[in-house]
Amino acid sequence: MSHIVLTQCISPIHTNRDKKLEVERTLLSHLSPIVIFLDVYKSRVTKEDALKDFIFFDEKTIPLEDVKPVILQPLQPTSAIIITGYIPVHAIRFSINLNCKTSGNIALHFNPRIDRGYVVRNTKIKGTWEIEETCSPVGPCNYIFRRNSYIHLMIFCTEDAFQIAINGEHFCAFTYRFPLSDIKNLECEGHIEDIRYNQLNLNVYPDPKIFKPSRSLSLTVDSPLVEFLEVPINVRIGCEFKLGTNLFIRGRLKLLPHSFYINLQKGDTVYPHPIIALHINPRFLYGSSEPYVVMNCWVDGSWKNEERHEGHLSWMPGRDFLLTIRCEHDSFSIWLGNKMISEFKHRLKPSIINTLRISGDIVLYHLAIDDVKKK
């Protein structure tokens, strides 16, 4: 008897709930086309607004009508590939691949992961990914891969590496792991829309006719720099680099760093390669190798004999540091805090230096220069 009463008590509740669900389903069935229409309309409006704000539109680019790979002309040093596209509001990640003639091989995999705030570069050999390189893509306008925005990406080929620029700024390099002659096509995958591309040749990279740098920085004794120091960065040195000159670099090493470098060089182009009087390149995650620092110079079209300092590096991931480069009588001395960590004999006259270039996995806080002899 109790069972019958309980059933009779519950049944009306279930019946009312079923009717309510049925009404909701009916409403949704009628509303769904309207919701879909509104979503599509909103998407089109936001994309149109983003295109209006896009200053890097290239009329010479060709639309990619489908997602199939595009056959490229043979690549060689000075070849450049331009890609533009829209990153939708729901974007999580996308990738730009330069695929090889052999199936399963990818010469360059450029993969912005918008949901995680970093970019992966890698290659694939016989279907297996190699050791990836990562970096956090922060630019002069904060995070450079922004949802609901268009992006301009250039891949430029030099003798030994891909140089990649985003929205008018050099972003990173990726050393070749396949010869350029192996590359067959371009493929874009993931959350990127309205894709256009072009292939051309350039004599200078970054090309001033295409790229308009958003910042122009000059460092002098009287004018230290504390703003607009997003990496990678070129800074014009507005005084002579000579005996007694001290360069101060204050910043922080990123967590899980791969590497970074500091160049004291003549000229601010990436290609043709500038003359470099001092190249300092701490390397942290190079396969199974222990961290080490490479020091070298570039002159007469090539790197010279490198000096490698192995062992424990004093740079600590996530920690602030002060690096000082002192121009001595016959060498540069490099100091971390109040400890000298290395020395590099002059191979070129320090007076040729007119540009400071910094790139890699560091955050800059402060740049300053002084002359001991003036004190």
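For THR355, the shell of other residues with beta-carbons less than 11 Å away shows a net charge of +2, using +1 for Lys and Arg and -1 for Asp and Glu. From the square roots a ≥ b ≥ c of the eigenvalues of the alpha-carbon gyration tensor of segment 217-371, which class results: rounded (a/c under 1.5), prolate (a/b over b/c), or oblate? Verdict is rounded for segment 217-371.
Once the chain from ASP222 to LEU200 is taken as fully extended at 0.36 nm per residue, the excess over their C-alpha distance is 3.6 nm. Under 17 Å from a label point set 7 Å out along the Cα-to-Cβ vector of MET316, the amide N atoms of segment 236-269 belong to 251-257.
May I ask you to order 68-74, 182-188 by the average number of other C-beta atoms within 10 Å around their residues, highest value first? Don't jump to the answer; show the numbers that get you there.
Details: 68-74: 12.0, 182-188: 18.6.
Ranked by mean Cβ neighbours within 10 Å, highest first: 182-188, 68-74.
If you plug the beta carbon distance of LYS242 and ILE125 into 1/(1 + (r/R0)^6) with R0 = 51 Å, you get a FRET efficiency near 0.60.
Please sort 327-339, 230-242 by packing, taking for each peptide the average over its residues of neighbouring beta carbons within 10 angstrom, highest first.
Values: 327-339: 14.2, 230-242: 17.6.
Peptide ranking by packing, descending: 230-242, 327-339.
Could you tell me the number of lysine pairs in segment 48-201 with C-alpha atoms less than 18 Å from each other, where the two lysines are 8 or more residues apart or belong to different chains? The partial results should precede the final answer.
Working: LYS52/LYS60; LYS68/LYS101; LYS68/LYS184; LYS101/LYS124; LYS101/LYS126; LYS101/LYS184; LYS124/LYS184; LYS126/LYS184.
Within segment 48-201, the lysine pair count is 8.
A Förster distance of 41 Å, applied to the separation of the beta-carbon atoms of LEU256 and THR102, puts the FRET efficiency at 0.80. FRET efficiency for the pair ILE352 and VAL67, taken as 1/(1 + (r/R0)^6) with r the Cβ-Cβ distance and R0 = 45 Å, rounds to 0.40.
Express the carbon and sulfur contribution to the solvent-accessible surface of segment 39-133 as a percent, rounded to the nearest whole number, probe 1.4 angstrom. Could you put the intermediate results ahead of the total?
On the way: 2820 of 5380 Å².
Roughly 52 percent of what the probe reaches on segment 39-133 is carbon or sulfur.
The values are calculated or read from the model by the stated rules, or taken from the named source; none is laboratory data. Note that this is a predicted model, so its numbers are computed, not measured. FYI the Cβ positions are ideal-geometry reconstructions off the backbone, even for glycines, and counts take in every protein chain you see. The accessibility values were calculated without ligands, DNA or RNA, using every heavy atom of the protein model including side chains. Shrake-Rupley method; radii C 1.70, N 1.55, O 1.52, S 1.80 Å.
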